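A short write-up of the structure that comes next.
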Amino acid sequence: MKLTYFAHSAFALKTEDHCILFDPFITNNPRATIPVDDITDVTHIFITHGHGDHIGDTVELAKRWNPQIICNYELGHHLSTMGVENIHTMHIGGRSKLDFATVKMTPALHGSGILKDGEFITGGVACGFLVEIEGKKIYHAGDTGLTIEMQLLTDEDIDVALLPIGGNYTMDIADAVKAVTMIKPKLVIPMHYNTFGPIEADPQDFARQVTGAKVTVLDFGQTIEI
Ligand code: NI
Ligand code: MN
């Protein structure tokens with residue numbers, strides 16, 4: 001399967017039958033190199049929390065492609081009020097066998113408020129996702145600080161971990177390096193850095209510091225086979 005990194009925490013995972021997006025923040029993402037109109041035949045969208053840089057283009061993509069949206073219960077309710085119909089809600093710690101993948105919603109230490117008309121409304125709590133699809137386990141951490149709960153992921157035998165490294169709102173490089181030692185994935189891909197000022201970080205510095213896992217730093221817009 002193919003993994004595309006748009007920038008920030010936005011990824012596409014493409015298999016023969018599915019185009020699965022994570023946190024599709026494309027249109028207002030200053031680092032995105034692929035226009036949202038080039039993202040087609042979307043079958044699923046995972047959203048880790050209610051912040052604008054993670055909901056991103058979800059509503060527009062949902063109306064265009066009618067993908068199944070997977071998110072927490074509160075965020076799911078919000079999206080339904082925005083006219084989105086195909087929503088599967090879950091909550092922290094829940095595992096679900098969906099028709100395309102087995103999905104577990106993992107804890108994340110972060111907020112999830114949704115900014116709507118200048119006011120914050122509840123978006124539940126932030127999460128990450130562990131997605132088991134076609135024999136591969138992929139972990140998208142969402143926005144999170146370093147948390148001891150990550151030790152529980154060791155037993156999952158994760159193939160690919162997508163971890164924030166930008167600091168300020170999430171783990172910085174030093175904490176993300178510690179997270180790798182807890183999670184023990186085969187491959188790590190850093191995310192959530194260099195999109196805007198407060199989250200500047202050098203992903204090559206992260207790559208140099210990680211031990212025990214392979215690190216691949218993706219260019220914005222790059223696609224790799226995983
Ligand atoms: Ni956030
Ligand atoms: Mn964020």
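Computed from the coordinates by the stated procedures, all read-outs in this text should not be read as laboratory data. Quick caveat: nothing in here was measured; it's all calculated off a predicted structure. Positions of Cβ are backbone-derived with ideal geometry, glycine not excepted, and every protein chain shown enters the neighbour counts.
Scanning residues 5 or more positions from Gln68 or on other chains, those with amide H under 5 Å from its amide H are His44, Ile45, with H placed 1.01 Å from N in the peptide plane. Each stretch of four or more DSSP H residues adds -39500 (n - 2.57); spread over every residue of the chain, this sum gives -4500 deg cm²/dmol at 222 nm.
About its Cα centre, what dipole magnitude does the stretch 108-185 give when the only charges are +1 on Lys and Arg Cβ and -1 on Asp and Glu Cβ, stated in debye to the nearest 20?
It comes to approximately 100 debye.
Applying both filters, DSSP loop and at most 11 other Cβ atoms within 10 Å, to the GluC sites (Glu not before Pro) of the stretch 1-97 gives Glu16, Glu85.
Protection proxy ranking of 88-95, 104-111, 177-184, by the mean of other Cβ atoms within 10 Å over each peptide's residues and highest first, is 104-111, 177-184, 88-95.
Taken about its Cα centre, the chain carries a charge dipole of about 400 debye when Lys and Arg each add +1 at the Cβ and Asp and Glu each add -1 at the Cβ.
Taking GluC sites (Glu not before Pro) across the stretch 105-152, the ones in a DSSP loop with at most 14 further Cβ atoms lying within 10 angstrom of their Cβ are Glu134.
Could you please state, rounded to a whole Å, how far the C-alpha centre of the stretch 53-114 is from the C-alpha centre of the stretch 116-161? That distance is 12 Å.
What shape does the stretch 120-226 have by the C-alpha gyration tensor, where a ≥ b ≥ c are the square roots of the eigenvalues, rounded means a/c under 1.5, and otherwise prolate means a/b greater than b/c and oblate the rest?
rounded
Taking a point 7 Å from the Cα of Lys186 along the Cα-to-Cβ direction, the residues of the stretch 1-37 with backbone N closer than 14 Å to it are 1-2.
Lysine pairs in the chain whose alpha-carbon atoms fall under 16 angstrom of each other, counting only those eight or more residues apart or on distinct chains, come to 19.
With a ≥ b ≥ c the root eigenvalues of the C-alpha gyration tensor of the stretch 82-147, is it rounded (a/c under 1.5), prolate (a/b larger than b/c) or oblate?
Since a/c reaches 1.5 but b/c is at least a/b, the shape of the stretch 82-147 is classed as oblate.
For the chain, the relative contact order comes to 18 percent (Cα pairs under 8 Å, sequence separation of at least 6). Between Phe25, Phe129, Phe196, which gets the highest mean-square fluctuation from a Gaussian network model of the chain, Cα cutoff 10 Å? Maximum among the listed residues: Phe196.
For the residues Ile148, Ile158, Ile114, a GNM of the chain with alpha-carbon springs under 10 Å puts the largest fluctuation on Ile148.
Modelled spin-label separation between Lys2 and Phe196, with each label point placed 7 Å from Cα along the Cα-to-Cβ direction: 3.1 nm. Across the chain, counting alpha-carbon atoms alone, Rg and Dmax equal 15.9, 46 Å.
When the chain is treated as a GNM with alpha-carbon contacts under 10 Å, the residue of Phe46, Phe100, Phe22 showing the greatest mean-square fluctuation is Phe100. Look at the dipole of the chain built from charges on Cβ: of Ala32, Thr81, Gln204, the Cα furthest out on the positive end belongs to Gln204.
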